[in-house]
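The values are calculated or read from the model by the stated rules, or taken from the named source; none is laboratory data. This one's a predicted model, so the numbers in the text were calculated from it and none came from an experiment. With ideal geometry, Cβ positions are generated from the backbone for all residues, glycine too; neighbour counts draw on all protein chains shown.
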Amino acid sequence: AVSCSTKANPSLCPPFSSFPPPYPFSASPGCGHPSFLINCSSPHSTLSVNHLTFSLLHFEPNSSSLTLTLSDSHSSPSSPSSSRFPSIPSRSISLSGSPFRPSNAFCSRLNNLSPCSHPNATCRRWECDLVDSPALLLRDCIPARRPASDQAQRCREDVLEYLNKFLEMGIEVEWDSSDSYFTSCRTCRLNNGVCGYNSLDPKKQFLCFHSQSQISPSWLSRHTHTQLKMLGSILTVACFLLLVSVSVAILRWRFITSSHADEDPTSIILRRHRSLSLLPPVFTYEELESSAGYFNPSCKIGDGGFGSVYLGRLPDGRSVAVKRLHRHLPTAASAVARALSTKSFCNEILILSSMNHPNLVKLHGYCSDPRGLLLVYDYVPNGTLADHLHGCLRHRRAPLTWQVRLDMAVQIGLAVEYLHHSRRDKREFALADFAVSRIQMGMLHQVVDPKIALDGMVKEGVHAVAELAFRCVAADKDDRPDSREVVEELMRIKSKSH
Ligand SMILES: Nc1ncnc2c1ncn2[C@@H]1O[C@H](COP(=O)(O)OP(=O)(O)OP(=O)(O)O)[C@@H](O)[C@H]1O
């Protein structure tokens with residue numbers, strides 16, 4: 001498994017005073033820097049560089065230099081050249097490919113070493129080369145030329161012996177702390193990680209391990225760093241989606257509220273009480289305006305409490321009565337009147353569109369427009385009841401007989417009875433208040449024509465009708481007959497008067 005366990009070897013590692021040794025050194029594969037893996041032993045721990053084993057003689061904490069010497073347990077490439085000079089290796093030492101470099105001080109001392117005379121013929125080739133050029137000992141030292149005078153003054157007869165002692169004292173090396181392990185480790189340690197590498201990987205890839213001894217988040221490791229990135233991406237996307245949803249919701253709400261604000265109040269009230277499919281057809285203002293002669297006074301057929309009625313002709317040829325409700329000027333005081341007008345308008349649409357009775361005028365449709373509220377009824381020809389009873393029509397035709405009048409009363413009674421009993425919602429409904437208001441105002445003659453020959457059965461019948469009418473306007477509601485009783489009474493009066 002790829003890991004860095006520092007608890008396996010509790011022994012001391014000279015020259016380090018504590019265990020585990022400080023980064024970049026490590027005594028366990030997978031921990032620290034791969035080039036600084038040491039083998040803890042006494043009196044000196046060892047370190048391998050390019051298959052050469054060195055003993056660690058000295059380490060200055062908080063520095064990047066180390067003193068190494070070739071180990072006693074030499075492997076073949078570093079075996080001593082002769083028993084006289086045991087510290088001198090059998091070939092040049094190379095530190096290339098590792099972070100180590102001989103210190104400048106060490107190299108200059110080596111470069112300053114020069115023989116006083118050429119080696120004699122008895123020396124071996126490698127030794128002769130070393131005597132000629134001691135800097136060959138370390139391939140990483142750049143040879144420097146020295147002035148001839150200097151050479152004469154500081155020359156040495158015993159170069160090999162000097163070199164042997166020199167190596168015994170140790171090679172001062174420095175390391176370059178700018179390679180990728182050091183840079184990655186700085187980030188890792190900042191995040192409380194433990195620097196290491198994949199010891200199973202030939203490339204020895206850098207790894208940042210979570211510290212077991214410290215309570216620090218595991219997401220600081222490289223592996224979990226990826227997870228963190230993913231988590232961050234997911235959170236970003238989630239936040240983005242949330243933002244989009246909230247914006248859409250706000251925009252929708254604004255759209256709904258603004259469209260409601262713009263919506264015609266009539267449509268709002270009507271829709272609240274009845275589904276659109278059950279409402280009568282909607283006409284355009286232009287359609288009704290042109291069919292009612294642009295509301296020219298010559299087309300007017302009557303005036304009521306709420307508006308004027310005009311005779312109109314629809315494109316399909318039907319004659320209709322178009323009631324145009326009074327307009328209210330846009331002042332603060334008229335706002336209430338406008339609201340009441342809209343309410344009455346809607347009330348009429350809702351009630352009449354649910355009615356179907358031969359004695360009730362049929363509502364064909366309506367139009368709610370800022371220019372006017374319009375109601376479209378069946379046109380009822382032949383004038384009004386008032387015209388027949390009191391108006392011009394009575395002069396042109398023979399006076400209405402008592403039978404006809406009773407017939408009318410019964411039909412009106414049937415219509416009112418239908419209005420009362422067919423309505424399921426029992427909302428307040430204005431009675432056919434024409435007769436009632438006239439009786440209340442003491443204008444009985446408008447209901448009972450004084451010119452009617454009140455003789456015999458007719459007189460009896462008139463009295464019965466008048467009595468019935470007074471009962472209808474009684475102050476106490478319990479004294480008033482209901483519409484069904486009225487119809488029954490009228491039927492009874494009618495049957496008696498034959
Ligand atoms: N469908 C219709 N066919 C023919 N004439 C009508 C029709 N509806 C109304 N009129 C005429 O218009 C006049 C006014 O009618 P309108 O319904 O506006 O008022 P009203 O019923 O007389 O009183 P109120 O305003 O209190 O209801 C009527 O008296 C009638 O002459």
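Looking only at the range 325-337, residues that are at pLDDT 80 or above and either within 19 Å of Asp378 (Cα to Cα) or in a helix (DSSP H, G or I) (or both) come to 1 in all.
The single condition from (1) at pLDDT 75 or above; (2) within 30 Å of Asp303 (Cβ to Cβ); (3) assigned to a helix (DSSP H, G or I) that Lys494 fails is (2).
Cβ-Cβ contacts under 7 Å between residues 6 or more apart (or on different chains), taken from a first residue in the range 316-327 that is in contact (Cβ under 8 Å) with a residue 60 or more places away in the chain to a second residue that is part of a strand (DSSP E or B) and more than 9 Å from the ligand (Cβ to nearest atom), are listed as Ser319/Arg313. In this structure, Ser298 does not satisfy being surrounded by 10 or more Cβ atoms within 10 Å (Cβ to Cβ), of a type in the set (S, T, N, Q) and either touching a helix residue (DSSP H, G or I) at 6+ places or on another chain (Cβ under 9 Å) or in a helix (DSSP H, G or I) (or both).
Which condition number in (1) loosely packed, with under 11 Cβ neighbours inside 10 Å; (2) modelled with pLDDT of 55 or more is the one that Arg394 fails? Result: Arg394 fails condition (1) only. Can you report the number of residues in the range 64-87 which are in a strand (DSSP E or B) and at pLDDT 85 or above? So the answer is 6. Considering Leu360, Leu375, the condition of being at pLDDT 85 or above, within 20 Å of His273 (Cβ to Cβ), within 12 Å of the ligand (Cβ to nearest atom) and part of a strand (DSSP E or B) is satisfied by Leu375 alone. Screening Pro370 against (1) away from the ligand (no atom under 14 Å from the Cβ); (2) modelled with pLDDT of 85 or more; (3) closer than 26 Å to His420 by Cα leaves a single unmet condition, (3).
Residues in the range 457-491 that are charged (D, E, K, R), surrounded by fewer than 16 Cβ atoms within 10 Å (Cβ to Cβ) and part of a helix (DSSP H, G or I): Lys459, Glu460, Glu467, Arg471, Lys477, Asp478, Asp479, Arg484, Glu485, Glu488. When the test is whether a residue is within 56 Å of the chain's Cα centre (by Cα), modelled with pLDDT under 80, closer than 28 Å to Pro265 by Cα and hydrophobic (A, V, I, L, M, F, W, C), Leu340 passes it.
Of all the listed residues (Gly305, Gly383, Gly365), the sole one being assigned to a loop (DSSP other than H, G, I, E, B), within 21 Å of Leu419 (Cβ to Cβ), within 15 Å of the ligand (Cβ to nearest atom) and not polar (S, T, N, Q) is Gly305.
Residues in the range 15-50 that are within 24 Å of Ser94 (Cα to Cα) and either in a strand (DSSP E or B) or at pLDDT below 85 (or both): Ser26, Leu37, Ile38, Asn39, Thr46, Leu47, Ser48, Val49. Look at Leu360 and say whether it is at negative phi and touching a strand residue (DSSP E or B) at 6+ places or on another chain (Cβ under 6 Å). No, not satisfied. Taking the numbered list (1) within 15 Å of the ligand (Cβ to nearest atom); (2) part of a helix (DSSP H, G or I) in turn, Val322 passes all entries but (2).
Does Leu314 qualify as being surrounded by fewer than 15 Cβ atoms within 10 Å (Cβ to Cβ), more than 18 Å from Arg371 (Cβ to Cβ) and of a type in the set (A, V, I, L, M, F, W, C)? No: the conditions fail for Leu314.
None of Ser26, Ser48, Ser17 is under 26 Å from Arg186 (Cα atoms), touching a helix residue (DSSP H, G or I) at 6+ places or on another chain (Cβ under 8 Å) and not hydrophobic (A, V, I, L, M, F, W, C) except Ser26.
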